[in-house]
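Here the structure is laid out as structure tokens; the discussion comes afterwards.
Here, each number is a calculation from the coordinates, and none is a lab measurement. Quick caveat, the model's predicted, so the values are computed rather than measured. We place every Cβ from the backbone using ideal geometry, glycine too, and count neighbours over all the protein chains shown.
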Amino acid sequence: MTHFQEAQESTDLAKGLPMVAEWDPEALAEEKQWLRDLEGRGTLARWRGYLSRVGPGWMQSAVTLGGGSAAASLFAGGFLGYKLLWLQPVAMLLGIIILSATSYQTLTTGVRPFHAMRRYVHPSVAWIWALASLAATIIWHFPQYALAGGMSQDLVKAVAGKEVRTWVFGMVFLALATAITWTYGRSSRGVRLYERMLKYMVWMIVLAFLLVVCLTGVKWGELWRGFFCFHIPTDVRGVSVMMAGFGAAVGINMTFLFPYTLLAKGWGREHRRLSRFDLLTGMFIPYSIATSLMIIAAANTLPGSEGFQNILADPNKTFVPATLAAKVLAPMPMGRIVFDLGILGMALSTITLHMLMSAFIVCEIMGWEPTGWRYRIAALIPAPGILGTVLWGKMALWIAVPTSAICGVLLPIAYVAFFILHNRKNFLGDQKPKGMAAALWNVGMLLAIVAASASGLYYLYVKIPAYLKMLGM
């Protein structure tokens with residue numbers, strides 16, 4: 001194929017998002033020129049400038065700090081103490097390598113990833129990626145409401161000594177999340193407000209767990225060993241906890257959300273360094289701090305508690321282990337309240353981002369532009385997740401495990417697809433990485449693919465058979 005044919009072939013690929021055209025194009029042009037000017041300045045000057053422009057990375061941090069991360073961190077601390085503190089930073093770093101490659105591809109070409117994957121990898125891979133992302137978003141919406149309802153109920157008990165039905169909280173959260181999500185995309189100001197809200201919420205989560213750790217103390221010797229000795233469990237329970245930590249870091253639906261939030265802001269080639277900085281400061285650092293603090297808090301409070309021993313005896317009965325942690329902190333009322341607020345913030349931020357994910361995915365697979373009433377209806381598709389406030393305990397065994405297995409097995413497929421795109425000359429043209437840069441990209445992406453594949457195979461060959469046996473099947 002000639003270069004002319006390749007250029008002609010790429011003209012029919014969907015690029016950018018229409019919402020950008022409704023904003024101030026002059027302001028966007030000024031930002032791009034500002035970034036070009038910033039390139040000639042020193043590292044610290046660039047970083048100070050970047051801090052005023054970050055956003056999509058914080059959205060990724062907010063969505064991954066949800067029920068899955070909470071459960072994985074609490075069980076890691078409860079079962080193994082400080083030993084797995086290294087795990088989630090490493091898992092997140094591998095995920096960020098893939099997301100960095102995704103942002104490089106998207107910002108270099110301006111092409112929407114669904115269309116790029118369909119053209120340059122295979123249509124079936126693009127559809128599997130989109131549908132698996134949508135399925136994960138809808139199914140994992142239920143436990144976010146269960147978590148939010150449980151934390152709200154415990155919070156009311158701690159403060160007022162009264163009990164309110166969890167579905168009441170669910171209705172409030174649904175209305176709030178809908179109002180917030182519908183503001184996204186209406187204007188550049190709406191996007192900035194949405195990102196700023198999530199940024200504040202992520203820091204609220206971090207500060208909440210920091211306060212709990214301050215109240216319960218830190219075992220400094222075990223802390224350093226937990227981060228730098230890289231303990232690998234050998235028993236079944238330990239391996240299960242480790243794989244849960246890997247699976248909670250980056251979900252398949254996050255690989256869909258991130259590039260579309262970049263396009264929604266109108267970012268282009270000038271924003272590539274800013275995007276990597278955003279992932280590091282807005283996703284890796286807050287996530288690593290928050291999950292580490294949760295592990296420490298759980299290690300300080302859960303082992304030996306009666307409630308935690310009940311989980312060991314019958315893991316089916318508890319579907320929001322964060323509630324148990326709050327009860328363990330009952331002798332310290334302030335610690336219990338702050339812990340509840342932190343977990344509640346995790347759930348609420350994830351609920352809004354699930355709705356945004358759904359809007360982008362559905363609009364893309366239906367061929368709709370993500371604006372107007374179609375966008376708003378698509379955002380409501382996960383809304384039945386409100387039933388998680390009352391039904392998740394019965395649904396979890398039948399839905400959560402197979403969904404985790406399916407998405408865990410399909411995540412490496414998405415990773416491989418982005419790996420292929422990163423090495424396609426007819427996609428990236430003269431911007432395809434070369435030499436040492438290409439080698440480093442490929443080694444990092446291959447490591448992420450291996451880790452994701454190990455987690456997927458664990459679900460497929462260990463987790464699913466164990467649950468089928470439990471069910472007598």
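Among ARG237, ARG376, sorting on how many other beta-carbon atoms sit within 10 Å of each Cβ, with the fewest leading, yields ARG237, ARG376. Sorted on the mean count of surrounding Cβ atoms within 10 Å across their residues, most packed first, peptides 429-435, 381-387 read 381-387, 429-435. Residues THR108, THR166 in ascending order of nearby Cβ atoms (within 10 Å, fewest first): THR108, THR166. Ranked from largest, the principal axis spans of the Cα set of region 115-254 equal 53, 44, 30 Å.
Past the 23 Å Cα-Cα mark, which pairs from LYS199/LYS432; LYS15/LYS265; LYS83/LYS199? Show your work: numbers first, answer last.
Values: LYS199/LYS432 32 Å; LYS15/LYS265 13 Å; LYS83/LYS199 29 Å.
Result: LYS199/LYS432; LYS83/LYS199 exceed 23 Å.
The percentage of C-alpha pairs in region 14-470 whose separation is greater than 38 Å is 20%.
Sorted by packing (mean other beta-carbon atoms within 10 Å per residue), highest first, where do 345-351, 275-281, 209-215 land? Before the final figure, lay out each step's value.
Numbers: 345-351: 27.6, 275-281: 21.1, 209-215: 19.6.
In decreasing order of mean packing, 345-351, 275-281, 209-215 become 345-351, 275-281, 209-215.
What is the calculated FRET efficiency for VAL172 to THR234, with r their C-beta to C-beta distance and R₀ = 51 Å, to the nearest 0.05?
Numbers: r = 45 Å, r/R0 = 0.89.
Efficiency at R0 = 51 Å is approximately 0.65.
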